[in-house]
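Asks: There's a structure below that I have some questions on.
The values are calculated or read from the model by the stated rules, or taken from the named source; none is laboratory data. In this text the structure is predicted, and so the values were computed from the model without any measurement. Neighbour counts are summed over all protein chains in view; Cβ atoms, including those assigned to glycine, are modelled from backbone coordinates with ideal geometry.
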């Protein structure tokens, strides 16, 4: 099968990510084999391709926002059949027995494994997923629209909950790509006032079209103090700005898996008055189920830009340069 492989981590402007031939994977006894129909292009894929995340599987195929169809299943699988449509997300496997898993925090499992990092993902014709970590998708949501929900949407939702936004509160979003524009739709549906700070003019226009109260440059001061903020941009220098924008008792959630260094913080102006900083680590399957249900209820829709699978490297380059709003999706028109 055709698949993209990170043969040499480095800038996506170079050729370390290559289209190669790989054998169709064989599902393990508890796994599904999935024919990929669509795969979202996530900033985490960029971090894997460029080496911001350490290599865990040499030559890995990125991609963890996969929508596809089950074509085969391992001997221990129950509840899935050939032809079922499923979603494959970032969290691939946990041990299920550690203290974190037992208390419902499987996203913190030390033995957790991830699609497109520890195992080959969806920048390919086929991928596999443990059946226990495959997601049923809402009816009425097509493959392209569903793909970004499987990471951008789920992580944005966890970040929103980690930001401790009070009912009817004022939320600031720093960066407005695939995850933020989905998060904003949930926050707005739940009655929040949303202010967006982001670098791209197209992203600012999209924010206003979706209902944001304001949309400004990434380094601008929002027009009112914020109850909560979420940092989606992987830029540590924005952390002090976001903290200064918070009202007393506000919370900043940092949503990315990778962040550039944070400059020194001033206690009096950036942390005092019981402000909080929280990180966001992956997601749980419960997060996914909750978000997918809310997406169906609120009519959350991704703004998408389709690329053929053969142009995956260009999609990552465009993502890095901020050339599109919303989310890019690799779409196999042959499926």
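Asks: Which strands (runs of 3 or more DSSP E) sit wholly inside the range 60-156 and have at least 2 residues that are within 17 Å of residue 282 (Cβ to Cβ) and assigned by TED's automatic domain parsing to the domain that holds residue 34?
Replies: Details: elements: 66-73, 85-88, 91-93, 126-130.
Of the strands (runs of 3 or more DSSP E) lying wholly inside the range 60-156, those with at least 2 residues that are within 17 Å of residue 282 (Cβ to Cβ) and assigned by TED's automatic domain parsing to the domain that holds residue 34 span 85-88, 91-93, 126-130.
Asks: What do you reckon, is residue 294 assigned by TED's automatic domain parsing to the domain that holds residue 253 and either in contact (Cβ under 8 Å) with a residue 12 or more places away in the chain or within 23 Å of residue 46 (Cβ to Cβ) (or both)?
Replies: On the way: assigned by TED's automatic domain parsing to the domain that holds residue 253: no; either in contact (Cβ under 8 Å) with a residue 12 or more places away in the chain or within 23 Å of residue 46 (Cβ to Cβ) (or both): yes.
Criteria not met by residue 294.
Asks: Which count do you get for residues in the range 282-300 that are in a loop (DSSP other than H, G, I, E, B) and surrounded by 13 or more Cβ atoms within 10 Å (Cβ to Cβ)? Lay out the reasoning, then the answer.
Replies: Restricting attention to the range 282-300, the residues satisfying the condition of being in a loop (DSSP other than H, G, I, E, B) are 282-284, 299-300.
Among the residues that remain, those that are also surrounded by 13 or more Cβ atoms within 10 Å (Cβ to Cβ) are: 282-284, 300.
Going through the range 282-300 one residue at a time, the tally reaches 4.
Asks: Let me ask something else. Do the conditions hold for residue 206, that is, is it surrounded by 24 or more Cβ atoms within 10 Å (Cβ to Cβ) and either touching a strand residue (DSSP E or B) at 6+ places or on another chain (Cβ under 9 Å) or more than 22 Å from residue 286 (Cβ to Cβ) (or both)? So that I can check it myself, show each step before the final result.
Replies: Working: surrounded by 24 or more Cβ atoms within 10 Å (Cβ to Cβ): no; either touching a strand residue (DSSP E or B) at 6+ places or on another chain (Cβ under 9 Å) or more than 22 Å from residue 286 (Cβ to Cβ) (or both): yes.
When the stated conditions are applied, residue 206 does not pass them.
Asks: Further question: Kindly check whether there is at least one residue in the range 255-263 that is buried (at least 17 other Cβ atoms within 10 Å of the Cβ), at pLDDT 95 or above and within 20 Å of residue 165 (Cβ to Cβ).
Replies: So far as the range 255-263 goes, yes, one or more of its residues are buried (at least 17 other Cβ atoms within 10 Å of the Cβ), at pLDDT 95 or above and within 20 Å of residue 165 (Cβ to Cβ).
Asks: Ok, one more. Among the residues of the range 209-235, which ones are part of a loop (DSSP other than H, G, I, E, B) and surrounded by 16 or more Cβ atoms within 10 Å (Cβ to Cβ)?
Replies: The answer is 212, 213, 218, 222, 232, 233, 234, 235.
Asks: Which condition does residue 94 not pass, out of (1) touching a residue at least 24 places away in the same chain (Cβ under 8 Å); (2) more than 24 Å from residue 297 (Cβ to Cβ); (3) surrounded by 14 or more Cβ atoms within 10 Å (Cβ to Cβ), if it passes all the others?
Replies: That leaves (1) as the condition not met.
Asks: Take residue 187 and tell me if it is farther than 29 Å from residue 63 by Cβ and either in the same structural domain as residue 217 (by TED's automatic domain parsing) or more than 15 Å from the chain's Cα centre (by Cα) (or both).
Replies: no
Asks: Out of 87, 16, 74, 40, which single residue is closer than 16 Å to residue 314 by Cα, buried (at least 16 other Cβ atoms within 10 Å of the Cβ), in contact (Cβ under 8 Å) with a residue 24 or more places away in the chain and touching a strand residue (DSSP E or B) at 6+ places or on another chain (Cβ under 6 Å)? Step through it out loud before you land on a result.
Replies: On the way: 87 fails: closer than 16 Å to residue 314 by Cα; 16 fails: touching a strand residue (DSSP E or B) at 6+ places or on another chain (Cβ under 6 Å); 74 fails: closer than 16 Å to residue 314 by Cα.
After applying the criteria, what remains is 40.
Asks: Turning to a different aspect of this structure: Residue 175 - would you say it is at positive phi and surrounded by 23 or more Cβ atoms within 10 Å (Cβ to Cβ)? Before you say what the answer is, go through the steps one by one.
Replies: Details: at positive phi: yes; surrounded by 23 or more Cβ atoms within 10 Å (Cβ to Cβ): yes.
Criteria met by residue 175.
Asks: Could you grab me the full set of residues in the range 177-208 that are in a loop (DSSP other than H, G, I, E, B) and at pLDDT 95 or above?
Replies: Initial filter on the range 177-208 (in a loop (DSSP other than H, G, I, E, B)): 177, 190-192, 198-200.
190, 191, 192, 198, listed by residue number.
Asks: Further, regarding this structure: Yes or no: the range 316-323 includes at least one residue that is outside any helix (DSSP H, G or I), in the same structural domain as residue 96 (by TED's automatic domain parsing), more than 24 Å from residue 168 (Cα to Cα) and at pLDDT below 95. Talk me through it step by step, then tell me what you get.
Replies: Of the residues in the range 316-323, the ones outside any helix (DSSP H, G or I) are 322-323.
Okay, now just the ones that are also in the same structural domain as residue 96 (by TED's automatic domain parsing), so 322-323.
Of the ones still in play, those that are also more than 24 Å from residue 168 (Cα to Cα) are 322-323.
Next cut, at pLDDT below 95 only: 322-323.
There is at least one residue in the range 316-323 that is outside any helix (DSSP H, G or I), in the same structural domain as residue 96 (by TED's automatic domain parsing), more than 24 Å from residue 168 (Cα to Cα) and at pLDDT below 95.
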